[in-house]
Amino acid sequence: MSPAARPSRLSTASWVVYDLANTIFSLGVVGLYFSDWLLAAGQPDSALAAVQIGAAIVVVFLAPWAGARSDALGRRAPTLILTTVVAVGATAMLGTGPAALTLVMLWLAVIGVNTGSVVYDALLIDVSTPENRGFISGLGVGVGYLGSFIGLGIGVVTLDVLELGHAAVFRVLAAAFLIFALPAFFLIDEGRSRSDGPVPRIRDVVIGLGRSWRTASQHDGVTRFLVGRFFYTDAINTLITGFLAIFVIDELGLSRELLTGMLATAIGAAVVGGLAAGWFINRWGPLRALRAALTLWALAIGSGVTAAATGRTSIVWVIGPVGGVALGAVWASDRVVMTRVCPPRRLGELYGLYATVGRFAAIAGPLLWAVAVDGLGLGRTFALAALGALIAVAWWILGAVDDSERDWPEEDRLTPTGPPGAS
């Protein structure tokens, strides 16, 4: 990338701040306060699992279409704006009306957030250079987790201090999500080209998925990385989308206030993990950073299983700092692995596949949890241990992936039509 084509600091900062907005939703809404509402409303674990599975089924088809469409149009911001506005509106409706309405609204919000994440992640190449991509990705994760502090602060003030109830918490969290997303709507410069193909129709998605897998199989390491990603996102997303909060509150007996303190510790560690991972990625490569983070995840999950099995609940506090560092490092490193193993010209399409793998994992993980807990009666400790086993499988699969820099042939490179921001 020539100096003239380097992204502006404002463009990069706007991308980073969106990560903060996104994290307000992922931790404040899904990770904590929705789980608290679920338990207060007397809903079973399988109700949350049904929402996550239902949303994942939609995103399996919607995300690849959104990614391929953004490739064809050469523009990602319109899709990001639409999906974010849908998510914000649905979040503002949570906690109002009957329980069924809240579950449907969460379903819609999760669809919006996860579809938007496809185009957001693909924007990484527009706001960074090959030399600083690991740093920018880690910065996004590190700064993004500050959004978790904002989300926790909103909850403490609205729910605990003002005692306004869960509906008010969700409305304030929705407003914060929108406020911090606004810079990305208007200030990210997209110096991209259009792809050679036509704008896809949503009915072409199934065919497109098969084509995307064929494209992935033509590039060394892509398919194996995506298979490994299925296993670790299966475990991680199941935990951070509410089931860890349910485990800690209802299985270990921690109060919501103590859980909030544990999450605050985890968030601080996640900021450190994301920033440290950026340095580690640039020095040693994203794949080594990712596998190190998965090792930490296995340790954190093991501490939770041990705490439940022995009754020594103090052990669970290991989950905060260790799991936090691991979480920040995973999300900082895995999207950089994608930019290493995927051809730049097909990045949007393959990021759609990357998201689809995560969505299939979002079906399998909650289903595994619901079957273990509500179906077979094996308990939440067994379910948590099973997720730890999935992390170990992912670590082994990723060992054979090569994430070295590629010298892409001309047909796989981007051919910009103008400088960033050109129409």
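Checking the structure you have, find out if any residue of segment 242-254 is within 21 Å of V141 (Cα to Cα) and surrounded by fewer than 24 Cβ atoms within 10 Å (Cβ to Cβ).
No.
Can you find a residue that is buried (at least 18 other Cβ atoms within 10 Å of the Cβ), over 30 Å from N132 (Cβ atoms), touching a Ser or Thr at 6+ places or on another chain (Cβ under 9 Å) and touching a residue at least 40 places away in the same chain (Cβ under 8 Å) anywhere in segment 293-304?
yes
Being modelled with pLDDT under 85, closer than 25 Å to G324 by Cα and polar (S, T, N, Q), is that true of even one residue in segment 4-22?
no
Quick grid of which residues meet (1) closer than 23 Å to V341 by Cβ; (2) touching a residue at least 12 places away in the same chain (Cβ under 8 Å); (3) out of contact with any His (no Cβ under 9 Å at 6 or more places or on another chain):
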| position | (1), (2), (3) |
| --- | --- |
| A245 | no, yes, yes |
| E251 | no, yes, yes |
| V272 | no, yes, yes |
| R283 | yes, no, yes |
| P286 | yes, yes, yes |
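Which pairs do you get when a residue that is part of a loop (DSSP other than H, G, I, E, B), found in segment 90-109, comes within reach of a residue that is among the small types (G, A, S) and surrounded by fewer than 20 Cβ atoms within 10 Å (Cβ to Cβ), reach meaning Cβ atoms under 9 angstrom, with the pair 6+ apart or on two chains?
These pairs meet every condition: M93/A167; L94/A167; G95/G165; G95/A167; G95/A168; T96/A167.
Criterion first (surrounded by 24 or more Cβ atoms within 10 Å (Cβ to Cβ) and touching an Asp or Glu at 6+ places or on another chain (Cβ under 8 Å)) does G144 satisfy it? Give the steps one after another, and end with the answer.
Working: surrounded by 24 or more Cβ atoms within 10 Å (Cβ to Cβ): yes; touching an Asp or Glu at 6+ places or on another chain (Cβ under 8 Å): yes.
Criteria met by G144.
Here are the criteria: (1) at pLDDT 80 or above; (2) part of a helix (DSSP H, G or I); (3) of a type outside the set (G, A, S); (4) within 22 Å of V119 (Cα to Cα). Tell me which single one D189 does not satisfy.
D189 satisfies every listed condition except (2).
If a residue has to be under 15 Å from F225 (Cβ atoms) and touching a residue at least 24 places away in the same chain (Cβ under 8 Å) to count, how many in segment 353-404 make the cut?
Restricting attention to segment 353-404, the residues satisfying the condition of being under 15 Å from F225 (Cβ atoms) are 353-358, 360-361, 393-404.
Retained after the next criterion (residues that are touching a residue at least 24 places away in the same chain (Cβ under 8 Å)): 353-358, 360-361, 393-395, 397-404.
Selection size over segment 353-404: 19.
Among W331, W317, which is the only one that is assigned to a helix (DSSP H, G or I), modelled with pLDDT under 90 and surrounded by fewer than 18 Cβ atoms within 10 Å (Cβ to Cβ)? Please lay out each step first, then the result.
On the way: W331 fails: surrounded by fewer than 18 Cβ atoms within 10 Å (Cβ to Cβ).
W317 is the lone residue from the list that is assigned to a helix (DSSP H, G or I), modelled with pLDDT under 90 and surrounded by fewer than 18 Cβ atoms within 10 Å (Cβ to Cβ).
Suppose the filter is closer than 29 Å to G144 by Cα, modelled with pLDDT of 85 or more and not aromatic (F, W, Y); does I397 pass it? Give the steps one after another, and end with the answer.
Working: closer than 29 Å to G144 by Cα: yes; modelled with pLDDT of 85 or more: yes; not aromatic (F, W, Y): yes.
It is true that I397 is closer than 29 Å to G144 by Cα, modelled with pLDDT of 85 or more and not aromatic (F, W, Y).
Limited to segment 364-380, what total is found for residues that are over 17 Å from V51 (Cβ atoms) and buried (at least 19 other Cβ atoms within 10 Å of the Cβ)?
Going through segment 364-380 one residue at a time, the tally reaches 2.
Tell me which of these V337 doesn't satisfy, since it passes every other one: (1) more than 18 Å from I236 (Cα to Cα); (2) surrounded by 22 or more Cβ atoms within 10 Å (Cβ to Cβ).
(1)
With the condition kept exactly as written, say whether any residue in segment 64-72 is free of Cβ contacts under 8 Å to residues at least 60 places away in the same chain and within 23 Å of P183 (Cα to Cα).
Within segment 64-72, none of the residues are free of Cβ contacts under 8 Å to residues at least 60 places away in the same chain and within 23 Å of P183 (Cα to Cα).
Any idea how many residues of segment 253-270 are without any contact (Cβ under 8 Å) to a residue 60 or more places away in the chain and aliphatic (A, V, I, L, M)?
Final tally of qualifying residues: 3.
Scanning segment 132-164 for residues that are in contact (Cβ under 8 Å) with a residue 12 or more places away in the chain and not in a helix (DSSP H, G or I), which turns out farthest from T241 (Cα to Cα)?
The initial filter retains those residues of segment 132-164 that are in contact (Cβ under 8 Å) with a residue 12 or more places away in the chain, namely 132-152, 154-156, 158-160.
After this cut, where a residue has to be not in a helix (DSSP H, G or I) as well, the list is 132, 145.
Working: N132: 30, Y145: 15 Å.
Filtering segment 132-164 for residues that are in contact (Cβ under 8 Å) with a residue 12 or more places away in the chain and not in a helix (DSSP H, G or I), the one farthest from T241 (Cα to Cα) comes out as N132.
Could you say whether any residue in segment 155-163 is surrounded by fewer than 23 Cβ atoms within 10 Å (Cβ to Cβ), closer than 29 Å to G273 by Cβ and polar (S, T, N, Q)?
Yes, the conditions are met somewhere in segment 155-163.
Against the conditions (1) in contact with a Phe, Trp or Tyr (Cβ under 9 Å, 6 or more places away or on another chain); (2) at pLDDT 85 or above; (3) under 27 Å from L108 (Cβ atoms), where does G147 fall short? Just the number, please.
(2)
The values are calculated or read from the model by the stated rules, or taken from the named source; none is laboratory data. This one's a predicted model, so the numbers in the text were calculated from it and none came from an experiment. Here the Cβ is made from the backbone with ideal geometry for all residues, glycine too, and neighbour counts use every protein chain on show.
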